[in-house]
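Written below as structure tokens is the structure these notes are about.
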Amino acid sequence: MIKNKKFLCLQSRKVESFMDWKETAKLITERVGGKSNIRGATYCTTRLRLTLADESLANDDAVSEVPGVISVVHASGQYQIIIGNRVPRVFQAMQELGILDQAAAPEPEKKKKSIPAAMMDALLGSMTPVIPAVIGCAMMKVLLVLLPMLGVLTSESMTYQVLTVIGDGSFYFLPILVAASAARYFKANLFLSITIAGILIHPTLQTLFSSGDPVSLFGIPVTAANYPYSILPAIIMAWVLSKVEKAVDRITPAITKTFLDPMLIVLICAPIALWIVGPAGAIAGDALSGALVWIQENLGWLAVGIIGGIYPVLVLFGMHHVLTPIAIASLSSLGFETIVMVAQLGANLAQGGASMAVALRSKNKNMRQTAADAGFSALVAGITEPAMYGVTLRLKRPFIAVLIASFTSGCFAGLMQLKSFSTACPGLVTTIQYIEADRPISILYIALTCVIAIAVSFVLTLILGFRDPESASAETAPTAAAPAVQPLTTERRLVDCPMDGKLIPLGEVADETFASGVLGAGVALEPTDGTVYAPFDGTVETLLDSHHAIGLRSTDGVELLVHIGRDTVALNGQHFTAFVKVGDTVKKGQRLLACDLDAVRAAGYDITTPVIVTNTDEFLDIVPVQQPAVKHGDRLLTIL
């Protein structure tokens, strides 16, 4: 138990502090056909979603082997790379490297999409970037439910009223947020798109509607509609705007474009929005909310169970975000949501329960660790892709257990009429979004929904069983399996010192990240010479752009991090020189890095250099030498 906990902590810190995300971005780019093949990109909670000019140029197997990548999925006309909760770092790295310069990509062959498919892509592309803002304000609404229950605030207090305004921020101005996002999707003018949406929610227009008197523009009636909280009018108008912009640009003289183009675009688009698109979109949004009410009235609790049962399949094909706009529409119009988010709670926790069962039952060390890590992510944070692609779907039968548990827990939640007051990703830490202030027993129903989802998936996974990776290899190669395990406990590995200097116990390093040992066991050096030499034969796994740290892997499986100085990443490579690059094969004693120690000291930085075995959990013990001073090439660590 302690070892698994340490592994989770180690993996998390390694990924955060050690992974070269730019290198990951470069490898992904190379293996999807190069920068010229990428037409555009976005990302969601765990997926990097690429639009490729030619998907046949992408090598799925090669992309899946990139460090940090879990799997690859083709869905919704996108090349979706499952990465996990570090996907924003990969996306940012691609931006910084200029990989997402869409002008560099050739125009892809036009593939005719059906109208429903094109509409769904536009809805997803416009809504996905807005979700964080919606979640932020929605969770504020959840607090407004909890605080009066706890007696912290009264609903009549001024603080409560101001917090209500804050919680309503992204919902009231949802058309503005969606207009900006849709403008980027349709490549329309961002600020003109926001302007058109702003016209629809202008307070004076809403006052005219509420007065009851007929409203008209140029003698043509303008239908009254509730535009605040609406989504569809903003998306449709961004598309209309993209077409109008091109048409206007073709007919206006070059000398007048600066002032005439914007005026004509607003003059054309605003009436279209007020006469046609606005009313139609608002009516469609109301109809969508009404459809949800109808489904629940006619199917009742079974509707939640059905959505829960198919939700893991939707995640599998990357289509689960189709349901998010529906949930937001319901939350905006009703103040709560009773189907999508309620069903998703059980579906997410079921992935975690099944993964934990695999972690308990599997005899394969790597699978146990993967399952424990992925299960923890699904249970606590509701991030299910690692559990799905790394465990349940991979082993097949646990995925069946997940589907059954998702349906069962969904039916129970529907029967108990649970409501969600937010669109935050459902997990144990976000279950507060289901608490109803005027129905305290909802807390019990939430707890039982969680227990059913986890328990059913856990027990069914144990009953159905699975083909353990270790068992599979043992059946196909019984004589080869045993020797592969023996070296981990009997072989001794040696690591030489990479620098000249004075030895310091790792626990005395001023940086708590290293001193606490969460990154692994090892030792620290007070270097007297700034040159870093290879401590063994191996390969360069990671080399940060700042050249202050290098990750190596020996031919016998030792992963070593040499980190020169504290916070020296801030020097951005100044005073550091690299003589190797990622992927290079190195020989023991080969020069890897050089650092001007005096210049680094003069800049005010601590030059203490930790030398860490980052895969410490794979070995029995890490034993440093006891002599006070060492030179490169001397014995530094003995690994058992």
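Within the stretch 349-399, being polar (S, T, N, Q), part of a helix (DSSP H, G or I) and within 16 Å of residue 315 (Cα to Cα) holds for 351, 377, 392. Report, by residue number, each residue of the stretch 549-580 that is of a type outside the set (A, V, I, L, M) and within 26 Å of residue 618 (Cα to Cα). The answer is 551, 553, 554, 555, 556, 557, 559, 563. In the set 607, 639, 612, only one residue is touching a helix residue (DSSP H, G or I) at 6+ places or on another chain (Cβ under 6 Å) and within 20 Å of residue 505 (Cβ to Cβ); that residue is 607. Taking (1) over 36 Å from the mean Cα position of the chain (by Cα); (2) at pLDDT below 85; (3) β-branched (Val, Ile, Thr) in turn, residue 215 satisfies each apart from (2). When we screen 122, 93 for residues that are modelled with pLDDT of 70 or more, buried (at least 17 other Cβ atoms within 10 Å of the Cβ) and more than 29 Å from residue 231 (Cβ to Cβ), the only hit is 93. Against the test of being closer than 30 Å to residue 544 by Cα and either in contact with a strand residue (DSSP E or B) (Cβ under 6 Å, 6 or more places away or on another chain) or modelled with pLDDT under 80 (or both), the options 51, 128 yield a single qualifying residue, 51. Just one of the listed residues (235, 220, 166) is of a type outside the set (Ser, Thr, Tyr) and within 29 Å of residue 39 (Cβ to Cβ), namely 235.
Restricting the stretch 23-66 to residues that are small (Gly, Ala, Ser) and in a helix (DSSP H, G or I) leaves a set whose member that is surrounded by the fewest Cβ atoms within 10 Å (Cβ to Cβ) is 56. Does residue 634 qualify as being at positive phi and loosely packed, with under 14 Cβ neighbours inside 10 Å? For residue 634, the condition - at positive phi and loosely packed, with under 14 Cβ neighbours inside 10 Å - is not met.
Could you check how many residues of the stretch 183-227 are basic (Lys, Arg) and crowded, with 18+ Cβ neighbours inside 10 Å? Residues meeting the conditions: 0. Restricting 617, 634, 598, 621 to residues that are outside the structural domain of residue 366 (by TED's automatic domain parsing) and within 21 Å of residue 68 (Cβ to Cβ) narrows the list to 617.
Selection of first residues in the stretch 412-426 that are among the charged types (D, E, K, R) and of second residues that are surrounded by fewer than 21 Cβ atoms within 10 Å (Cβ to Cβ), restricted to Cβ pairs under 7 Å at least 6 apart or on distinct chains, gives the following pairs, ordered by first then second residue: 419/336; 419/436. Would the stretch 584-591 turn up any residue that is in the same structural domain as residue 547 (by TED's automatic domain parsing), among the aliphatic types (A, V, I, L, M), surrounded by fewer than 19 Cβ atoms within 10 Å (Cβ to Cβ) and in contact with a Phe, Trp or Tyr (Cβ under 9 Å, 6 or more places away or on another chain)? No, the stretch 584-591 has no match at all. Considering the conditions (1) in contact with a Phe, Trp or Tyr (Cβ under 6 Å, 6 or more places away or on another chain); (2) over 18 Å from residue 194 (Cα atoms), residue 239 is excluded by exactly one of them, (2). Does any residue of the stretch 557-573 turn out to be part of a loop (DSSP other than H, G, I, E, B), of a type outside the set (S, T, N, Q) and more than 25 Å from residue 603 (Cα to Cα)? Checked against the condition, which is being part of a loop (DSSP other than H, G, I, E, B), of a type outside the set (S, T, N, Q) and more than 25 Å from residue 603 (Cα to Cα), the stretch 557-573 yields at least one hit.
The values are calculated or read from the model by the stated rules, or taken from the named source; none is laboratory data. Because the structure is predicted, anything quoted here is derived from the model rather than measured. Cβ: placed from backbone, ideal geometry, glycine included. Neighbour counts: every protein chain shown.
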